[in-house]
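The values are calculated or read from the model by the stated rules, or taken from the named source; none is laboratory data. Not measured: the values here are computed from a predicted model. Quick reminder, even Gly has a Cβ in these numbers, built from the backbone with ideal geometry, and neighbours come from all protein chains shown. When the accessible area is computed, the model is the full protein with side chains, heavy atoms only, and any ligands, DNA or RNA have been set aside. Shrake-Rupley method; radii C 1.70, N 1.55, O 1.52, S 1.80 Å.
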Amino acid sequence: MSADLPERRLRAGDADRDHALTIIQRAYEAGRLDLDEMRERQEKALKSKFTDELPALVADLPEGSELQL
C-alpha cells in the first residue's frame with residue numbers, strides 16, 4: 001500500500017531561497033549569466049514553494065554544486 005502514496009515534497013523556507021539567490025548572484029558576477037537571465041532565475045527562486053524547484057535554477061552553473069537543501 002505504501003507504494004501507492006504520492007512522493008512527499010518539502011516546502012522551501014527563506015534560507016533555502018536565499019541560498020539559491022546567492023548562487024545565482026555569484027554566477028552573474030562571474031559573467032555566467034546576463035542580467036535578464038539572472039533576474040528570471042531570481043524571480044523563480046523567490047516564487048518557489050518546494051525545495052525540489054531550486055536545484056534546476058542552478059544546475060547548469062559551477063556554483064550550483066554549493067546548493068544544499
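Summary table below
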item: Number of the exception - GLN68 against (1) open to solvent by 100 Å² or more (accessible area, probe 1.4 Å); (2) in a helix (DSSP H, G or I); result: (2)
item: Every pair of residues 6+ apart whose Cβ atoms lie under 7 Å, when the first sits in the stretch 40-69 and is among the acidic types (Asp, Glu) while the second is open to solvent by 50 Å² or more (accessible area, probe 1.4 Å); result: ASP52/ARG9; GLU63/ARG26
item: Criterion: among the acidic types (Asp, Glu), over 9 Å from the mean Cα position of the chain (by Cα) and either surrounded by 18 or more Cβ atoms within 10 Å (Cβ to Cβ) or in a helix (DSSP H, G or I) (or both) - qualifying residue of ASP52, ASP36; result: ASP36
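So that you can scan it fast, the table gives a plain yes or no per residue for (1) touching a Ser or Thr at 6+ places or on another chain (Cβ under 7 Å); (2) among the hydrophobic types (A, V, I, L, M, F, W, C):
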| site | (1), (2) |
| --- | --- |
| ALA15 | no, yes |
| LEU21 | no, yes |
| TYR28 | no, no |
| GLN42 | no, no |
| THR51 | no, no |
| LEU54 | yes, yes |
| PRO62 | no, no |
| GLN68 | no, no |
